[in-house]
Structures are given as C-alpha cells and as structure tokens.
1. Out of all the residues in region 62-82, is one or more at pLDDT 90 or above, within 18 Å of the chain's Cα centre (by Cα), outside any loop (DSSP other than H, G, I, E, B) and exposed (fewer than 11 other Cβ atoms within 10 Å of the Cβ)?
2. Can we say residue 23 is out of contact with any strand residue (DSSP E or B) (no Cβ under 8 Å at 6 or more places or on another chain), modelled with pLDDT under 90 and exposed (fewer than 10 other Cβ atoms within 10 Å of the Cβ)?
3. So, of the residues in region 42-61 that are touching a helix residue (DSSP H, G or I) at 6+ places or on another chain (Cβ under 8 Å) and either modelled with pLDDT of 90 or more or part of a loop (DSSP other than H, G, I, E, B) (or both), which turns out to be surrounded by the most Cβ atoms within 10 Å (Cβ to Cβ)?
C-alpha cells in the first residue's frame, strides 16, 4: 500500500493538532459552580435551578411540569404552570 505525500501530510497535521488541543485547554483553578457557568447563558432573571438539579432558562410560553416541586420553583421566579393547551401540554405563564 502506497501512501501519498498529501495524505501523509494531512495525517501528520491532524496528529499535531490533536496533540496541541489538550495543552491549549484552560485549566480550572478550583471547583466551578455549574450555576455560575449556566447563569451567563440566560437572560437577566430567567435562570433557575430545578428540582432535578438541572438548570433552565425560564420564559413565558415554555413547556413546564405540572407537579408541586416544580411549581414551587416556577412561583419563586414569578411564573406559574397553569396554562394547558388542547393537546394536554402545560406552559408557563
């Protein structure tokens, strides 16, 4: 099997790039709170930590879970999950 110079050069470039990527990755100096990282992706006042420890950007009209534990979180952020559409899905208001 004869390997062309072009293919060999591409393979060498890919290998050197793969070796350089971990070296260029930022090094964390301590534990980073996931809430802090996720808070920057949401608009002001719309970030919430849900009962299942997930992070969600809340907005009116989004799908929601109609359970007591989730309702407490929605209400603490100024929303309620009391709008049911004709298909039976619940939405934030």
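1. Taking every residue of region 62-82 in turn, at least one turns out to be at pLDDT 90 or above, within 18 Å of the chain's Cα centre (by Cα), outside any loop (DSSP other than H, G, I, E, B) and exposed (fewer than 11 other Cβ atoms within 10 Å of the Cβ).
2. Details: out of contact with any strand residue (DSSP E or B) (no Cβ under 8 Å at 6 or more places or on another chain): yes; modelled with pLDDT under 90: yes; exposed (fewer than 10 other Cβ atoms within 10 Å of the Cβ): yes.
So residue 23 passes the test.
3. Looking at residues that are touching a helix residue (DSSP H, G or I) at 6+ places or on another chain (Cβ under 8 Å) and either modelled with pLDDT of 90 or more or part of a loop (DSSP other than H, G, I, E, B) (or both), I get 58.
The values are calculated or read from the model by the stated rules, or taken from the named source; none is laboratory data. Everything numeric in this text was worked out from a predicted model, so none of it was measured. Every residue, glycine among them, receives a Cβ derived from its backbone with ideal geometry; neighbour counts consider all protein chains shown.
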